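Participant: First the structure, which I've put down as structure tokens, then a few questions once you've had a look.
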Amino acid sequence: MHYAELQLTSNFSFLRGGSHPDELAITAAALGLSAIAITDRNSLAGVVRAHIAAKAAGIRLVVGARLDLQENISLLCFPTDRAAYGRLSQLLTVGRRRAPKGDCWLNLEDVFAHDQDQIFVVLPKQTMAAEPDDAFTAQLQQLSQRWPGRCYLAGHYLYSGDDRRRLAHLAKLAMD
């Protein structure tokens, strides 16, 4: 089974990621990964350096960004072609222009206006209890209806003692 990490933040996600994008690509290749995704927060800043290093290391780079929205929801966004990459770039520009320098203010309506040919992964809140609340469930249903076949739900360990139950509930949500 092949594995590709889809949620890596580089040092371009200030105070979130510590490694340079090229270091992440080189390390992924050294670990035997066939692909990685750099998903910096509301930014594509690291993808060029990651692309060059991934190409040299012989692994695939999945281009994307983490979108932290004003509605308190986070999505990983992966463009499927060059035109979709342009729409993602336009979306990020919209958010940066309306915010103070260094910030990016995006909302779900902005994403909907730029969502053609994008693949989305919904990120549950890290503070989420073992069972997501009704608001998150409703939001997830709305997004999966908006993006049929292009909307996924992320799940990862929080090492908080109830991971097994939380991940089982997320898996059930993803199947509904």
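Participant: Out of all the residues in the range 72-82, is one or more part of a helix (DSSP H, G or I) and either open to solvent by 30 Å² or more (accessible area, probe 1.4 Å) or within 27 Å of residue 147 (Cα to Cα) (or both)?
Facilitator: Among the residues of the range 72-82, at least one is part of a helix (DSSP H, G or I) and either open to solvent by 30 Å² or more (accessible area, probe 1.4 Å) or within 27 Å of residue 147 (Cα to Cα) (or both), which makes the answer yes.
Participant: Kindly indicate which of 30, 35 is open to solvent by 50 Å² or more (accessible area, probe 1.4 Å) and hydrophobic (A, V, I, L, M, F, W, C).
Facilitator: Testing whether each residue is open to solvent by 50 Å² or more (accessible area, probe 1.4 Å) and hydrophobic (A, V, I, L, M, F, W, C) leaves just 30.
Participant: Kindly provide the set of residues from the range 74-95 that are more than 24 Å from residue 36 (Cβ to Cβ) and touching a residue at least 24 places away in the same chain (Cβ under 8 Å), ordered by number.
Facilitator: Selection gives 90, 95.
Participant: Taking the residues in the range 47-61 that are open to solvent by less than 60 Å² (accessible area, probe 1.4 Å) and under 17 Å from residue 13 (Cα atoms) as candidates, determine which candidate is farthest from the chain's Cα centre (by Cα).
Facilitator: Taking the range 47-61 first, the residues open to solvent by less than 60 Å² (accessible area, probe 1.4 Å) are 47, 50, 53-54, 57, 59, 61.
Narrowing the set further to residues that are under 17 Å from residue 13 (Cα atoms) leaves 47, 50.
Details: 47: 13, 50: 16 Å.
Out of the qualifying residues, it is 50.
Participant: Identify the single condition in (1) out of contact with any Leu (no Cβ under 8 Å at 6 or more places or on another chain); (2) outside any loop (DSSP other than H, G, I, E, B); (3) under 28 Å from residue 174 (Cβ atoms) that residue 122 does not satisfy, given that it satisfies every other one.
Facilitator: Going through the list (1) out of contact with any Leu (no Cβ under 8 Å at 6 or more places or on another chain); (2) outside any loop (DSSP other than H, G, I, E, B); (3) under 28 Å from residue 174 (Cβ atoms), residue 122 breaks only (1).
Participant: Also: Which ones in the range 146-163 are modelled with pLDDT under 85 and either open to solvent by less than 40 Å² (accessible area, probe 1.4 Å) or in a helix (DSSP H, G or I) (or both)?
Facilitator: Our first condition is that a residue be modelled with pLDDT under 85; within the range 146-163, this holds for 156-163.
Scanning the range 146-163 gives a single hit, 163.
The values are calculated or read from the model by the stated rules, or taken from the named source; none is laboratory data. It should be emphasised that the depicted structure is a prediction, and the values quoted were computed from it without experimental measurement. Cβ coordinates were reconstructed from backbone atoms using ideal geometry, including for glycine residues, and neighbour counts include every protein chain displayed. These accessible areas exclude ligands, DNA and RNA; they are computed on the full protein's heavy atoms, side chains included. Shrake-Rupley method; radii C 1.70, N 1.55, O 1.52, S 1.80 Å.
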